[in-house]
Amino acid sequence: MFEVEEQALKVQGIEVYPNPFTEKLFLENQAAYPAHFVLMTAKGKKLMLGRLQAFEKKELITTHIKAGVYLLEYRTEKYTKTIKVLCQ
C-alpha cells in the first residue's frame, strides 16, 4: 500500500482539508458571499450537499463513505469549481 501526503486544497474561494480524508472533511468558504457544495462519486452520484455562508467553516462527517476518489463541486453566484478529493 502507498501513502499519500495529507494536504489542504486551496481553490478560488474555498479551502478543503485534509486531503486525503478519512472520518471528517472540512470546507472553509473564503469568499464574501454564500456558496453551495455537493460531494459526489466519480460517476456523479450525490452523497452530501449543503450551503456555506460567507467565511463559514463546515465539518462533514464522512465515516459512511468508502475509500476512493470523489468530486467536490463548489458553486457561488460567480463561478463553479470541481475539486478531486480522496477518501482513505
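The values are calculated or read from the model by the stated rules, or taken from the named source; none is laboratory data. This is a predicted model, so every value here is computed, not measured. Glycine also receives a Cβ, built like all others from the backbone with ideal geometry; neighbour counts cover every protein chain displayed.
So, of the residues in the stretch 33-56 that are of a type in the set (Gly, Ala, Ser) and either within 11 Å of the chain's Cα centre (by Cα) or loosely packed, with under 15 Cβ neighbours inside 10 Å (or both), which turns out to be modelled with the highest pLDDT? Ranking the candidates gives Gly50 first.
The C-beta contact set for the stretch 63-88 (first residue of a type in the set (Asp, Glu), second residue part of a loop (DSSP other than H, G, I, E, B) and at pLDDT below 95, distance under 8 angstrom, 6+ apart or interchain) comprises Glu77/Tyr33.
If only residues of the stretch 57-88 that are of a type in the set (Lys, Arg) and more than 12 Å from the chain's Cα centre (by Cα) are counted, the one that is farthest from Gly44 (Cα to Cα) is Lys78. Just one of the numbered conditions (1) of a type in the set (D, E, K, R); (2) in a loop (DSSP other than H, G, I, E, B); (3) surrounded by 16 or more Cβ atoms within 10 Å (Cβ to Cβ) is not true of Lys66: (3). The set of residues in the stretch 17-39 being more than 14 Å from Arg75 (Cα to Cα) and part of a strand (DSSP E or B) consists of Tyr17, Pro18, Asn19, Phe21, Lys24, Leu25, Phe26.
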